[in-house]
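One structure is given below, encoded as structure tokens.
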Amino acid sequence: MQCVLRLLSYESKHLKNFNDLGISEVLLRAVSEAGYTQATPIQTKVIPAMIAGNDIVGIAQTGTGKTASFVLPLLHHIHEQARKPQPKTCGALILAPTRELAAQIHDNVRLYAKFMNVSSALVVGGVKPQKQIKALARGLDILVATPGRLEDHQSTGVIRLDATSTIILDEADQMLDMGFIPAIRRILGSLPKRRQTILMSATMPKQIRSLSNDFLTRPQEIAVTPASKPIEKIEQRLMSAAGQNKRQMLVDLLKNEPIERAIVFSRTKHGANKIVQHLEKAGLSAAAIHGNKSQGQREKALAGFKNGSIKTLVATDIAARGIDVDGISHVINLDLPQVPEVYVHRIGRTARAGKSGIAISLCGEAELDLLKAIEKLVGRIPGTRPDGSTAPAEEKQANNPLSESQRRNQRRRRNGHPNNAQPERQGKSGRYNGGGRPNGRPNTGSNNNGANSNEHRSNARRSA
């Protein structure tokens, strides 16, 4: 999988040259060979902070270059220290919620370490452990792992973490949603107290804040975008699916929209398979990726999606983490997510590397409560609702040059409020209980995919 630094179209005043960030010459050479000279805002802030040895809480959306923001300074430390790891230990540990995201991070490690002598390994579920055991036996500079498989190896003595000086938790909020926080706490508890801890998350639920308070030491908090807000370049649309067949609506969309590549989100694994069958009967190329697929099947589906032989990838939320493919023009929510923050993660698959993208959500009558929870987090989504109401496009920021404050005033004027009226404070949203499900939100939603199982939790360890 080819990995690149994700550079968004920020104004030049927000960008810095990598030469100014203090990273080693060998890393500058690797970055330059990849074709990049300017760092994104998250990189300009995280890289110097990590080099200085600070613990960090980083809040950044997908597609902002956050992977390189922690991989580059980590490699810088390894280059500067030049220590050989002891057998069955790792100098640095990077934890990710899914195999795909872990593989993407490991690809970044290898990409930027190409002019260095760095030992690294990928340890994930879904594959036989023998090669992983052999790699761990030698000792590693960097171990990239999913929590479930790492704990498996810890329990058999294959790896110990008493010599690990740096740990990075990527997509911490997604690990919460998948029920991995107890495992994360156990893993953190097995590390030396003197260490550097980096926590990266797109959102900051209470449990993640608590994790930071318990395990990080005077962390530097770095936020380059408001938590849980979609990026500006995504055009969001809502379509009512009241009384309609969602799968047929999807076929019509895929045939009529100018789609380069599309990811379609299904709530269940069985539903994802049914969607693919329906699309193939309609003459559309599609493949499914979810926790019941083997690693080989998932890699084959991703390869076809990348090379263009498969135009539509149907995914569940867990499996979609870490999909890093250029040119995803559309994200389609066939089922609305039950956790509002997941909506932000989903649509973040498009509008990457400075491009624009389109996110379309099909909403059934039974999903109105889910829609309300999402809009409480991200604002009103333009389009038609199952109850017959509509939201005009100017209410949403996509393709709208107005600032957020200007849009608020515009909405208040339409509602009969004076320009200087104070906006009503929104309540907190997206709270999680310990199991990763929305606290107080109904477990409901239209599911025309013929299944009602929930993939979050019961299959999280096996999926990872």
### Query
By the scheme Lys and Arg +1, Asp and Glu -1, what is the net charge of all other residues having a beta-carbon under 11 Å from that of TYR112?
+1
### Query
By the scheme Lys and Arg +1, Asp and Glu -1, what is the net charge of all other residues having a beta-carbon under 12 Å from that of GLN220?
0
### Task
Pop a pseudo-label 7 angstrom from the Cα along the beta-carbon direction at both GLU257 and GLN154 and give the gap in nm to one decimal.
4.1
### Message
So for segment 261-359, if I pair up every lysine 8 or more residues apart or on another chain, how many of those pairs have alpha-carbons under 29 Å apart?
### Response
19
### Query
With each label point set 7 Å from Cα along the Cα-Cβ vector, what nm distance links SER190 and ALA223?
3.3
### Task
Would you kindly derive the ³J(HN,Hα) couplings of segment 233-239 from the backbone phi angles with the Karplus curve 6.51 cos²θ - 1.76 cosθ + 1.60 (θ = phi - 60°), listing them in order in whole Hz, with x for Gly and Pro?
7, 8, 8, 9, 9, 10, 10
### Query
Which of the GluC sites (Glu not before Pro) found in segment 228-301 are loop residues per DSSP with 15 or fewer other Cβ atoms within 10 Å of their Cβ?
GLU260
#### Entry: Theoretical FRET efficiency, 1/(1+(r/R0)^6), r = Cβ-Cβ of GLN277 and ARG110, R0 56 Å, to 0.05
0.95
## Note on the structure
Note: SER285 to ASP387 extended length (0.36 nm per residue) minus current alpha-carbon separation gives 33.4 nm
### Message
Within 9 Å, Cβ to Cβ, of ALA242, how many net charges do the neighbouring residues add up to if Lys/Arg are +1 and Asp/Glu are -1?
### Response
-1
### Task
Mind checking which aspartates and glutamates have their Cα closer than 13 Å to the Cα of LYS372? Skip sequence neighbours fewer than 8 apart in that chain.
GLU341, ASP387
### Query
Across segment 325-335, in residue order, what do the Karplus-derived ³J(HN,Hα) couplings come to in whole Hz, using 6.51 cos²θ - 1.76 cosθ + 1.60 with θ = phi - 60° and x for Gly and Pro?
10, 6, x, 7, 7, 9, 10, 10, 8, 6, 10
## Note on the structure
Counting only residues 5 or more apart in sequence or on a different chain, those whose built amide H sits under 5 Å from that of LYS16 are ALA39
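Any read-out appearing in this document is the output of simple, stated calculations on the displayed coordinates, not a laboratory observation. Since this is a predicted model, take the numbers as computed values, not measurements. With ideal geometry, Cβ positions are generated from the backbone for all residues, glycine too; neighbour counts draw on all protein chains shown.
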